[in-house]
Amino acid sequence: MWERSLVLSAPGKVILHGEHAVVHGKVALAVALNLRTFLRLRPCDDSRVCIHLPGVSVRRSWDISCLQDLQKGFTADFDESKSPSVEQLDTLREFAGIAAGATAPESLATLAFLYMCLAISAKYGDVPSVDILVWSELPTGAGLGSSAAYAVCLAAALLTACGAISCPLKDGESTARWTEEELTLINSWAFQGERVIHGNPSGVDNAVGTWGGALRYQSGKITPLKRVPTLRILLTNTKVPRSTKVLVAGVKEKILKFPAIMNPVLDSIDAISQECQSVLEAMPANPSPEYYPVLEELFDINQHQLNVIGVGHPSLDRLCRVTASHGLHSKLTGAGGGGCGITLLRPDTSPLAVEAAKRDLCACGFECWETNIGAPGVTLHSSSSLDAEVLQALSQS
């Protein structure tokens, strides 16, 4: 039985540049968002596995002997390099009482937990008797990588509990991270969790959650940037729902209808991603204000391009106008058509301007967070390193 309590976290993500163009083989830059998902793992002394997800109203527990019997009944092997099989997922749905085709967050989160728990313990040891609570600063369904942060946290916690990776946090340390080899294993299992939830994910979100910083993604290849400064942003959720599938289809239709017009726009978006990568890698860890004008111009240009390809929305136009009235530069992030936008904050941006912008954005009915990007990936924490809100959330029984 795992005998030590631990707390770990993983970041969300935003797309800095390359939305939609990445579907057509262009470069996208994804960066770690320092709104995090936290997981508390405690040993359980009654031979049960417990999961509590207050954000989606899940509280479930199973007897270990039942899980072991279920595990032995599978004919297909569990492996971090293989997609979850239809048989495995159907069996787990039936076991958990989840309807076939259920897509509610609570159903998918429960299914991912069961799959990862059984798969990881099948490969690395007995099903651990643990009590897991997960709490997140990330809103669900907003394109901010909340499911990937959850999967990364689960992978790290379960691999640690099964002894597949170390517990690197030493007495007296506030935080610790795993070795590169261990992070690679965490990422592989987190990707399986993402497959349970999304079916055919790109792997970008779980990679950002694992390694943090920023990643370049192109045609299935994920490359961490050499050096990434931590940049302050406002993240704004317009709360306008949108369908990524419909927006992607709309862009494709425009490209087919006007290829001579649209393809150069995609090439220009690609050039912006690559220019932004060069700028970020040239910036120091704590950049001074003179480094920001190029990043601000790239935000402005890219936002216009995203409107041209048809993924803008009046709510996002309003967001950009509001922040521009305070001397700030914004763009949409993710699928567009509503959803979220990001606003760059220079080191010399006055606190009064930031508060005024936040006030005006909230007056529009939007939800707004002041945070940063370029955050660290999955991390172990001592209790002393956590703020009061996180500690309170994780103190739930």
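The values are calculated or read from the model by the stated rules, or taken from the named source; none is laboratory data. Quantities reported herein were computed from a predicted structural model and do not represent experimental measurements. Neighbour counts are summed over all protein chains in view; Cβ atoms, including those assigned to glycine, are modelled from backbone coordinates with ideal geometry.
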Practice item. Could you check, for the stretch 132-145, whether at least one of its residues is aromatic (Phe, Trp, Tyr) and not in a strand (DSSP E or B)? Key: no
Revision key, fill the gap. Flagged in the stretch 314-351 as under 20 Å from ALA30 (Cα atoms), at pLDDT 95 or above and small (Gly, Ala, Ser), in numbering order, are SER330, GLY341
**Study point:** First in the stretch 201-214 and under 10 Å from ALA148 (Cβ atoms), second anywhere and aromatic (Phe, Trp, Tyr) and part of a helix (DSSP H, G or I), Cβ under 7 Å, 6 or more apart
**Key:** GLY203/PHE191; ASN206/PHE191
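Kindly indicate the residue of the stretch 150-174 that is of a type outside the set (Gly, Ala, Ser) and closer than 21 Å to ILE197 by Cβ and also surrounded by the fewest Cβ atoms within 10 Å (Cβ to Cβ) among those meeting that condition. It would help to see each step written out before you state the result.
So the first thing to find is which residues in the stretch 150-174 are of a type outside the set (Gly, Ala, Ser), and the list is 150, 152-154, 158-160, 162, 165, 167-171, 173.
So of that shortlist, the ones also closer than 21 Å to ILE197 by Cβ come out as 150, 152-154, 158-159.
Details: TYR150: 31, VAL152: 34, CYS153: 28, LEU154: 29, LEU158: 30, LEU159: 25.
Among those that are of a type outside the set (Gly, Ala, Ser) and closer than 21 Å to ILE197 by Cβ, it is LEU159.
Only one residue in GLY73, GLY141, GLY101 is within 30 Å of ASN237 (Cα to Cα) and touching a helix residue (DSSP H, G or I) at 6+ places or on another chain (Cβ under 8 Å), so which one is that?
Details: GLY73 fails: within 30 Å of ASN237 (Cα to Cα); GLY101 fails: touching a helix residue (DSSP H, G or I) at 6+ places or on another chain (Cβ under 8 Å).
Just a single option satisfies the conditions, and that option is GLY141.
Within the stretch 92-107, is even one residue over 19 Å from ASN187 (Cα atoms) and touching a residue at least 60 places away in the same chain (Cβ under 8 Å)? Before you say what the answer is, go through the steps one by one.
Residues of the stretch 92-107 that are over 19 Å from ASN187 (Cα atoms), as a first pass: 92-107.
Those left that are additionally touching a residue at least 60 places away in the same chain (Cβ under 8 Å): none.
No: the stretch 92-107 contains no residue that is over 19 Å from ASN187 (Cα atoms) and touching a residue at least 60 places away in the same chain (Cβ under 8 Å).
Have a look at LEU159, LEU169 and point out the one that is among the aliphatic types (A, V, I, L, M) and assigned to a helix (DSSP H, G or I). Walk me through it before giving the result.
Details: LEU169 fails: assigned to a helix (DSSP H, G or I).
Going through LEU159, LEU169 in turn, just one is among the aliphatic types (A, V, I, L, M) and assigned to a helix (DSSP H, G or I): LEU159.
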Study note, to complete from the structure: Filter the stretch 203-219 for residues that are part of a helix (DSSP H, G or I) and aliphatic (A, V, I, L, M); the one that is surrounded by the most Cβ atoms within 10 Å (Cβ to Cβ) is VAL208
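Any idea which of GLU182, GLU173 is charged (D, E, K, R), more than 17 Å from THR333 (Cβ to Cβ) and at pLDDT 95 or above?
On the way: GLU173 fails: at pLDDT 95 or above.
Just one listed residue meets the conditions, GLU182.
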Check your understanding: Assuming LYS13 fulfils every condition listed in (1) at pLDDT below 95; (2) charged (D, E, K, R); (3) under 26 Å from VAL248 (Cβ atoms) apart from one, which condition is it?
Key -> (1)
**Study point:** Test: ALA10 is closer than 28 Å to GLN303 by Cβ, surrounded by 17 or more Cβ atoms within 10 Å (Cβ to Cβ) and either assigned by TED's automatic domain parsing to the domain that holds CYS117 or free of Cβ contacts under 8 Å to residues at least 12 places away in the same chain (or both)
**Key:** no
Check your understanding: Within the stretch 43-55, is even one residue part of a helix (DSSP H, G or I), under 28 Å from the mean Cα position of the chain (by Cα) and assigned by TED's automatic domain parsing to the domain that holds THR184?
Key -> yes
**Study point:** Unique match (being assigned by TED's automatic domain parsing to the domain that holds SER202 and farther than 24 Å from ALA32 by Cα) among ALA149, ALA96, ALA109, ALA142
**Key:** ALA96
Practice item. State yes or no: is PHE38 aromatic (Phe, Trp, Tyr), surrounded by 14 or more Cβ atoms within 10 Å (Cβ to Cβ), outside any helix (DSSP H, G or I) and in contact with a Ser or Thr (Cβ under 6 Å, 6 or more places away or on another chain)? Key: yes
